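Working notes, structure below.
Read the figures in this text as sums done on the coordinates, not as results from a lab. What you are looking at is a predicted structure, and each value in this text was computed from that prediction instead of being measured. All Cβ positions, glycine included, derive from the backbone under ideal geometry; neighbour counts span all protein chains shown.
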């Protein structure tokens, strides 16, 4: 990496690692009691604070640098989207605790697994952002994972909303699912921005 590229790529890669850790933390909340979930929520809050610090430092770097390796708008979008993933993950776990969802519906693990795979792929890809040929296939793979995630989401919502005997419970579950979905959409946005960088820099 060139001296002007390294700080940006390293910072974005660091944010992606925090996001991956966050998705693993969400997975660890499945099948555990409320007390254990409280501990995982605190872990997510720590990751979220780290991501917000990284976001501020990266945007300051972009603002103060005379030359940036990529379009400043693209750097801003990548930074914000990565940080927002952790915002939604924290809200999902916090919502599950506040809504007292004791047993996540069947299929939640499938949605979270797709989310983890998207975060893991992102964490593996962003360190290679200085060699655009190495990241060209990333958006395609993310779209494939996004289709899987969307299918899992639709199945979960169908299952939740079919419980006519407990409409309030269905609403509570839906709110949590939508936060996880928002995290997935932010990761998809990262892939779209990377795709745009590849096209513009080709």
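Residues in segment 57-66: is at least one out of contact with any helix residue (DSSP H, G or I) (no Cβ under 6 Å at 6 or more places or on another chain), closer than 18 Å to residue 125 by Cα and surrounded by fewer than 20 Cβ atoms within 10 Å (Cβ to Cβ)?
no
Can we say residue 116 is in a helix (DSSP H, G or I) and either free of Cβ contacts under 8 Å to residues at least 24 places away in the same chain or crowded, with 21+ Cβ neighbours inside 10 Å (or both)? Let's see the steps before the verdict.
Numbers: in a helix (DSSP H, G or I): yes; either free of Cβ contacts under 8 Å to residues at least 24 places away in the same chain or crowded, with 21+ Cβ neighbours inside 10 Å (or both): no.
No.
Could you grab the pairs with beta carbons closer than 8 Å, sequence gap of 6+ or different chains, first residue in segment 122-134 and without any contact (Cβ under 8 Å) to a residue 60 or more places away in the chain, second one assigned to a loop (DSSP other than H, G, I, E, B)?
Note: pairs meeting the criteria are 128/135.
Take residue 136 and tell me if it is in contact with a helix residue (DSSP H, G or I) (Cβ under 8 Å, 6 or more places away or on another chain), at negative phi and part of a loop (DSSP other than H, G, I, E, B).
On the way: in contact with a helix residue (DSSP H, G or I) (Cβ under 8 Å, 6 or more places away or on another chain): yes; at negative phi: yes; part of a loop (DSSP other than H, G, I, E, B): yes.
Yes, satisfied.
Are any of the residues in segment 82-90 touching a helix residue (DSSP H, G or I) at 6+ places or on another chain (Cβ under 7 Å), over 23 Å from residue 192 (Cβ atoms) and buried (at least 16 other Cβ atoms within 10 Å of the Cβ)?
Yes; the residues of segment 82-90 include at least one that is touching a helix residue (DSSP H, G or I) at 6+ places or on another chain (Cβ under 7 Å), over 23 Å from residue 192 (Cβ atoms) and buried (at least 16 other Cβ atoms within 10 Å of the Cβ).
State all residues of segment 20-43 that are part of a helix (DSSP H, G or I) and farther than 30 Å from residue 130 by Cα; if no residue qualifies, say none.
So the first thing to find is which residues in segment 20-43 are part of a helix (DSSP H, G or I), and the list is 20-27, 34-43.
Result: 26, 27, 34, 35, 36, 37, 38, 39, 40, 41, 42, 43.
Report yes if residue 17 is more than 17 Å from residue 197 (Cα to Cα) and assigned to a helix (DSSP H, G or I), otherwise no.
Here the answer is yes, as residue 17 does meet what is asked.
For segment 93-113, name all the residues that are touching a residue at least 60 places away in the same chain (Cβ under 8 Å), part of a helix (DSSP H, G or I) and in contact with a helix residue (DSSP H, G or I) (Cβ under 7 Å, 6 or more places away or on another chain).
93, 95, 96, 97, 108, 111, 112
From (1) more than 19 Å from the chain's Cα centre (by Cα); (2) more than 18 Å from residue 12 (Cβ to Cβ); (3) surrounded by fewer than 16 Cβ atoms within 10 Å (Cβ to Cβ); (4) free of Cβ contacts under 8 Å to residues at least 12 places away in the same chain, pick out the condition that doesn't hold for residue 144.
(1)
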